[in-house]
1. Give me the accessible area per residue for the range 1-158, probe 1.4 Å, as a whole number in Å².
2. I want to verify a result. In a Gaussian network model of the chain, Cα cutoff 10 Å, which of these has the top mean-square fluctuation: GLY138, GLY70, GLY162?
3. Using only protein heavy atoms and a 1.4 Å probe, report how much of SER184 is accessible, in Å² to the nearest 10.
4. For the range 163-202, what does the accessible surface come to per residue with a 1.4 Å probe? Please give it in Å².
5. Starting from the Cα of ALA237, step 7 Å along the direction of its Cβ; do the same at GLN134; then give the gap between the two resulting points in nm.
6. Hey, what number do you get for the chain at 222 nm if only DSSP H runs of n ≥ 4 count, each worth -39500 (n - 2.57), divided across all residues, to the nearest 500?
7. Please list, by residue number, every one of the trypsin sites (Lys or Arg not before Pro) in the range 121-192 that is coil in DSSP and has at most 15 other beta-carbon atoms within 10 Å.
8. Order the following by accessible area, largest value first: THR141, THR217. Probe radius 1.4 Å; ligands, DNA and RNA are ignored.
Amino acid sequence: MEQLQSSPTTAIQRADNRRLDQLRPLRFQNHIAPYATGSTLIEWGNTRIICGVTIEETVPRWMKEQSVTGGWITAEYSMLPYSTLQRKQRDINKGKIDGRSQEIQRLIGRAMRAAINLEKLGPRTIWVDCDVLQADGGTRTAAITGAYVALCLATRKLKAEGKLAENPLLHAVAAVSVGVVDKSPMLDLCYTEDTAATVDLNLVMNAAGEFIELQGTGEEATFTDGELAELLRLGKAGIRELLEAQQKALIE
């Protein structure tokens, strides 16, 4: 079986001339939505997503019925009609949520719940809304990475208002994509690379170096233990950079 080219300096030409181990440019614009408790616009390459957090001073009915203490975090994800080259129909016009959108918003919710102590949150619900303004690959990973920044800003505001006795956050959370294109492992795939990938893997991790979720698929292909190890190596390095970028955005 042909093995992957493992060197990040391999001469393969990427769509945007990056190294194989290089993230796309990343920028956060905080407080983009003034009425949200916390918000940021994450610009990751040509992918742009507004992540906003709002608070409800109640918990879902199932928590009350089952006498579950603490709070809850839930997420919604949507791609705006003009976020792609061809207009994307709104879910409301189809009468049901798109299956992909449902999968992604559940992933965002799981990732954010892993970032916070729900008991310390108290009996309230945090809503995380991620709206894609422009999609060029990696929207789910960008949504998670941006959502954590918005969540931090929201908890800071709640604490400043005296609604939280202590900081409920545990570890920072970020996500990144890796994949195999033309037999070469790559970090942070843009859309053209993602569509050409024979292996696609999304990593969600925290600042403690722990995995929250791994989503890996061979697209009409298989991959070995060694190939998986190389993809994980690239992904972990990318996560470290993303965590640093989040920390910088929250300090600024």
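1. 51
2. GLY162
3. 0
4. Spelled out: the 1.4 Å probe surface of the range 163-202, per residue, equals 36 Å².
5. For ALA237 paired with GLN134, the spin-label model returns 2.8 nm.
6. About -10000 deg cm²/dmol.
7. LYS163, LYS183
8. Descending order: THR217, THR141.
The values are calculated or read from the model by the stated rules, or taken from the named source; none is laboratory data. Predicted model, so just to flag it, every value in this text is computed and none were measured. So basically every Cβ, Gly included, is an ideal-geometry build from the backbone, and we count neighbours across all protein chains shown. Please note that ligands, DNA and RNA were not included when accessible areas were found on the heavy atoms of the full protein model with its side chains. Shrake-Rupley method; radii C 1.70, N 1.55, O 1.52, S 1.80 Å.
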